[in-house]
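Bear in mind these aren't lab numbers, they're just calculated from the coordinates by the rules spelled out. All of these numbers come straight from a predicted model, not from anything done at the bench. Every residue, glycine among them, receives a Cβ derived from its backbone with ideal geometry; neighbour counts consider all protein chains shown.
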Amino acid sequence: MRNFDCDLHSVRELNQALHDVQSDGESFNVLNVKGQHALACGITHNINVSLQGHAGYYCAGMHQRGTVTVHGNVGVGVAENMMSGTVHVTGNASQSAGATAHGGLLIVDGDAAARCGISLKGGSIVVKGSVGHMSCFMAQAGTLVVCGDAGEALGDSLYETRIFVLGEVESLGAGCERKTSTAEDLSILSDLLAKAEIDIDPAQFAQYGSDKSLYNFSVDNAVLPEVSR
């Protein structure tokens, strides 16, 4: 394992070192993180990166391969635009966790704030705590699993994303409705719970998804300008 001290090197130098890896399997232990932004972004090798402490904005953004583990909390946009691999936050996540993720798995051991999974495009997010308002806003594909509660307007303007919530949902957003889980749905949920090391019966989760009402334009939803005479 290679130790990397952020008191001695810049974030740019850290990210460059992670990008310069020549082979898979290496491990990095990053010390004195101290809430710095854009840590461990754009990793393209199958490596393991452990960030010792809280991270700032856009940690592990554009993640492609390997595993990034944050031993603390993270700021806005953790794992934003993730493509594959795993990002694991042992604390809480701020707004827009996993935003626009196309693939991969984001695990948050604590809570996630507003707009978790906003514009999700195929990735999977497992939150062991609760999520804030408008989670999965405009999500298009992928899966969100919430083991706690969900805030207001869950799944607003949703397309085909699966949302599983164990606790209470404050309210559903436009185009989102309660669903009946199929065997395929429960299989997907069971696999994600196993990967996140969560021992809960998948059948206890409520599922939510698109009611397809927003698939096509409706003039009834249009805001027309007033015509002066």
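To keep it simple, each residue is scored yes or no on (1) of a type outside the set (Asp, Glu); (2) in contact (Cβ under 8 Å) with a residue 24 or more places away in the chain.
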position: 133; (1), (2): yes, yes
position: 170; (1), (2): no, yes
position: 176; (1), (2): yes, yes
position: 186; (1), (2): yes, no
Q.
Under 6 Å between Cβ atoms, which residue pairs at least 6 apart in sequence (or on different chains) link something in region 6-28 that is surrounded by 14 or more Cβ atoms within 10 Å (Cβ to Cβ) with a partner that is assigned to a helix (DSSP H, G or I)?
A. none
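So that you can scan it fast, the table gives a plain yes or no per residue for (1) buried (at least 23 other Cβ atoms within 10 Å of the Cβ); (2) more than 15 Å from residue 129 (Cα to Cα):
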{"site": "66", "(1), (2)": "yes, yes"}
{"site": "73", "(1), (2)": "no, no"}
{"site": "77", "(1), (2)": "yes, yes"}
{"site": "84", "(1), (2)": "no, yes"}
{"site": "97", "(1), (2)": "yes, no"}
Q. Which strands (runs of 3 or more DSSP E) does region 114-191 wholly contain that include 3 or more residues that are charged (D, E, K, R)?
A. 176-179
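One residue is enough: does region 5-23 have a residue meeting the conditions over 20 Å from the mean Cα position of the chain (by Cα), of a type in the set (Gly, Ala, Ser) and in a loop (DSSP other than H, G, I, E, B)?
Residues of region 5-23 over 20 Å from the mean Cα position of the chain (by Cα): 5-23.
Filter once more, keeping what is of a type in the set (Gly, Ala, Ser): 10, 17, 23.
Remaining after also requiring in a loop (DSSP other than H, G, I, E, B): 10, 23.
Looking for residues that are over 20 Å from the mean Cα position of the chain (by Cα), of a type in the set (Gly, Ala, Ser) and in a loop (DSSP other than H, G, I, E, B), one finds at least one in region 5-23, hence yes.
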Q. For region 92-104, what are the residues that are of a type in the set (A, V, I, L, M, F, W, C) and closer than 15 Å to residue 119 by Cα?
A. 97, 99, 101
Q: Considering only region 24-72, state which residues are of a type in the set (S, T, N, Q) and under 16 Å from the mean Cα position of the chain (by Cα).
A: 64, 67, 69
